[in-house]
1. When you have a sec, figure out the Kirkwood radius of the range A:43-137 from all distinct Cα pair distances and drop it here in Å to one decimal?
2. Over 20 Å intervals from 0, what percent of Cα-Cα pairs in chain B sits in each interval?
3. Excluding residues fewer than 8 places away in the same chain, name every one of the aspartates and glutamates whose C-alpha is closer than 17 Å to that of A:Lys105.
4. Give the Rg (one decimal place) followed by the Dmax (whole number) of chain A, computed from C-alpha coordinates and expressed in Å.
5. All other residues with a Cβ under 14 Å from the Cβ of B:Arg372 taken together, and with Lys, Arg as +1 and Asp, Glu as -1, what is their net charge?
6. Which value, in square angstrom to the nearest 100, describes the accessible area buried between chains A and B on both sides, using a 1.4 angstrom probe?
7. Points 7 angstrom from Cα along the Cβ direction at A:Asn313 and A:Asn416: gap in nanometres?
8. Counting alpha carbon pairs within less than 8 Å and at least 6 residues apart, what relative contact order, in whole percent, applies to chain A?
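The values are calculated or read from the model by the stated rules, or taken from the named source; none is laboratory data. What you are looking at is a predicted structure, and each value in this text was computed from that prediction instead of being measured. In this analysis, Cβ positions are derived from the backbone assuming ideal geometry, glycine residues included, and neighbour counts consider all displayed protein chains. Areas reflect the complete protein model, heavy atoms only, side chains present, ligands, DNA and RNA absent. Shrake-Rupley method; radii C 1.70, N 1.55, O 1.52, S 1.80 Å.
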Amino acid sequence: MTKTVEYKPENLALFERIRARYPEKRSALLPALHLLQDQEGHISREGVEYVAALVGVTPAQAHDAASFYTMFRFTPSGRRRIEICTNLSCALRGADDLYAGVCNKLGLEGDGISSAGDHAVSSAECLAACGGAPALQVNGAWVENVQKGEIEDVLAGRLSRRPLKWPRSPGEPILLRNVFKKDSTSLATYRAGGGYARLRDHLTTPPGEIVEAVKLSNLRGRGGAGFPTGVKWGFLPAGDPRPRYLCVNADEGEPGTFKDRLLIERDPHQLIEGIVASSHAIRARACYVYLRGEFHEACHVLENALDEARGANLVGPNVLGTGVDVEIHLHRGAGSYECGEETALIESLEGKRGQPRLKPPFPAAKGLYDCPTIVNNVETICCVPLILDRGAGWFASYGTERNAGPKLYCVSGHVNRPGVYEAPMGSITLRDLVFGEGYGGGIPGGRRLRAVIPGGSSTPMLTAGEIDVAMDFESLSRAGSALGSAGAIVIDDSTCMVWVAQRLTRFYRRESCGKCTPCREGTAWMLRLLDRIESGKGAPSDLDTLSELCETISGSALCPFGDAAVIPVASTLARFRAEYEYHVREKRCWKEVANTYEDAAGGAGR
Amino acid sequence: MKCMIDGREIEVEPGTSIILAAQRLGIRIPHFCWHPDLSVDGNCRMCVVEIEGSSKPQTACSTMVTDGMVVHTDSPQVRKARRATLELLLVNHPIDCPVCDQAGECYLQDQYMEHGLHDARISLDEKVRKRKVVDLGPIVLDAERCVLCSRCIRFEREVTGTNQLGFVGRGDHTEIAAFDNRPISHNYAGNLADVCPVGALLSRDFRFRMRVWFLESTPSVCPGCSTGCNIFIDHRDGEIHRLRPRRNVSVNRSWMCDLGRALYKGAGAPSRLLGARLRSEDDRGMIPVGEALDLLSSRLRDAGEDVAFLASPQATNEDLFAFQSLCDAVSGMLDFRVDDPQDRMAVLEDGVLLRADRNPNTRGCLELGLGRTGVDAIMSACRAGRVKALLLQGPELLRTPAAGIFLEKVPFVAVMAENDEPALARAHLVLPAAAWTENEGTFVNFARRVQRIERAIEPPGESRPRWRLASDLLARLSRPLDATTAWDVFRLASRSTAAFSGLEHVSIGESGLDLDAIKES
């Protein structure tokens, strides 16, 4: 006897409302699966068939998509699910001990369900809680800065939610002007700070003028690539009868990056105003905010804010009586870093596996539902109201030449004050961010700086001697790295750089979508080699194989993920090759014998 | 626009990919995921080429030719990239070629021999284990051999629309799977084994039957319906082991249906008729074909004009023409229909390839003008006792429930047939006919495309092509047909048939000719 799976009546009604958000019902697949999982605890075979029928695909298609995402569970799980981030920023601050402690207490050897069936533990990849490392989620709620002695509290349910305390920035807050206010997420607070005041004017401005202003402002995309936003908007084909879409990339997942989470959790209306103005500018009547699936709190905050905004006629049909229609739909991801790539995001939004498309065509020509589509990052969209309210000239002159506007910088790892800091773009150096009093505040425990990843795990590492570089696109590029998503990860001299490469490669291997050969097979092979080298079992030829793999993957992968995935290995091999050689030669990690690599290398008689 | 590929210039239409342009020059760029009749996915990265002015190698499948482009498909950079990709594809491959049925027609094996030849740097115990010998009905899945090229998924999405196969999981743990291991239930499953470039999807029917390098391939046309899918007959030592589609963009692209694919079994059936059989009171049973033809020719002569001929839309144009000539020699009645196949000739039954008219040559019957007397008129004459001898080119009429009533008053019924079956008992004389795989000639499909079939194997025993049976009869009637081969017959037919005017079997070629297009040009 198989159990029939179906939505409870209230969930069926909710599903119908969700389905109505999309022109193609297949897009409702991920939300439908979330809804069923929330109801049933997991998605059974019958559940897959039920949802498949609801959204008009075959069970194989539904399973093809569903099984791609890590958040969907196909077998029963524990009552309390604990997801512990073990990516680099958290691992640098004790995540491995935390993870081992939790597993130990529950009698588990790794990811699994406790024998009593009440707890399910899993090691998660970067949860965008690097400022509150080590961090975990209990049934989706943040518990950050978890101390080892607090494991009992977490397991007993006494500690089930504790988001981090975001530190303040030293200068004048622009993007972060509201986030520290009381009730910062409410419409009233946003309005009191001048929000939405000129939205009606902006919506009555011809779209072309707004696009022109954004071009003049020199706003460059804040997601990582730094492409000029106005130019991207200008790629939309003129006079095309198809509907246009705006997709907001809120799938923040680049290790070391947690700025968009702050913007959404603490000031959702800034984003909403940005979306409404941007949608008008590109003549999109519908916007989908693709929100990272693990961002439960941000989802809740944004949903409430959208309800408030709709109630105030700031979103929806005929916004503020201007005749402009802008509907904003929240679409939750389900656990996939690759969905941050714009074409993978679109695929995911269409109810498919989050795998990238071949480019060209670019989304501006053929994106969501094969219609012209713009995908912009959260922070990028939040800059748009600033440009319109304060003027493109103001924005262009704020920051440095070619690097305009306010910028959020994340710093995590071995620093005294991890967090998200705001500064005019390029006005601070990487040294300021790491050591500055108002920023990272230096390395704890009297340790010395070994390396910094300046802009998220996909940017090449810089050594302690290379950090006097302005935090902007050009300067970091000249220094041999990149600004990326501006998520700096600080690494002190107690850290094995092979281990750093191994930890980040584990992330890329887990997140590789599997579509193209070099990335799918190459990341897994790199990890095997790094596991071997780090545990003292590597051969000298393994280093050559690693170099070859870096070249192969970045040379022939289908999407930029391939380039990113080799960065940790390629940049540590370039800058810390001696550490690799030590592992191979001495057949052990230097941490077994010394506190720093220099000590170990000296002790080995050099 | 013009481009240079490996030093050779070619002019192509805008929107032509490098891989297609190269193919036109006879340059084969190695690939796994690209398929000429499926959408471009660009996932395998094997088809990289070097384009002058581009820093990285580019995939030839997804890069369109631009004017003045200079492409190198075999430079040191390309060879290195190809070799690296191939090594990656083999990282998790079980390397079980000795027991794999794909061996001999495996892209992985072929390309390893051509571009790889490296020693394994991954040991077997490091490989990711996946599911093996998964029963999917007509298909057997081995997920470990899969290179995740998605051809099968795209086939089901774009051709059959069935979407029964999909991926499961992601990264290097991705596998191909059918939901809940449910068997593939559509009529095009065999194509999944064809599109699979490796041994991941194999045909249950063909599995472990024969190593492919022993097989000889003869181009032909499927006789299963009026679509006329182009095929290869794969055979060895007079035995047919499989049929597989032969690409023809104007007819079947790269596909054929499973019903057609199974038709090879009839040609080698144990029930094949090896000699003639006469039903008589002294029950002589089997008689030599020569004797049977003597008997039949005298019956035809004696019957005068009270003789009727019913042709078969299963027969080739050559068979039909010879049959028609025989009829003309004795001025008999002639038609070909059994329950009006021409009404269903163009009806696409499943939206893919299969047509409601399960005869390959109904159109040929019409072109040759075989619909002459009317089946109803012939049947009425039979029932009225006005037909003294009836010659059937195939057993179709005998299988109909009403055959007994129609044939009750016909004193002599002869039938040409390939296989013995109970219905043949209704005939007085049975002549052993060659099967389509043993015959050569032409069919005209529903869309007026004339296409060639070729003889793959010899007819067994005394059986012979129908046109030969007719021509042997004509010789006995002193009206010999000026033909020693089927192609001679076609030449005769082309003289008296407007549609075939000026055609020869050589000009028809291996991919056939559209009769409407010829008429216009």
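1. In the range A:43-137 this quantity evaluates to 14.8 Å.
2. Per 20 Å bin, starting at zero, the Cα-Cα P(r) for chain B comes out as 20, 45, 26, 8, 0 percent.
3. By straight Cα distance, A:Lys105 reaches A:Glu83, A:Asp96, A:Asp97, A:Asp118, A:Glu150, A:Glu152, A:Asp153.
4. Expressed in Å, the Cα Rg and Dmax of chain A come to 23.7, 78.
5. Result for the neighbourhood of B:Arg372: -4.
6. What A and B bury together is about 3400 Å².
7. Those two pseudo-labels are separated by 5.3 nm.
8. 12
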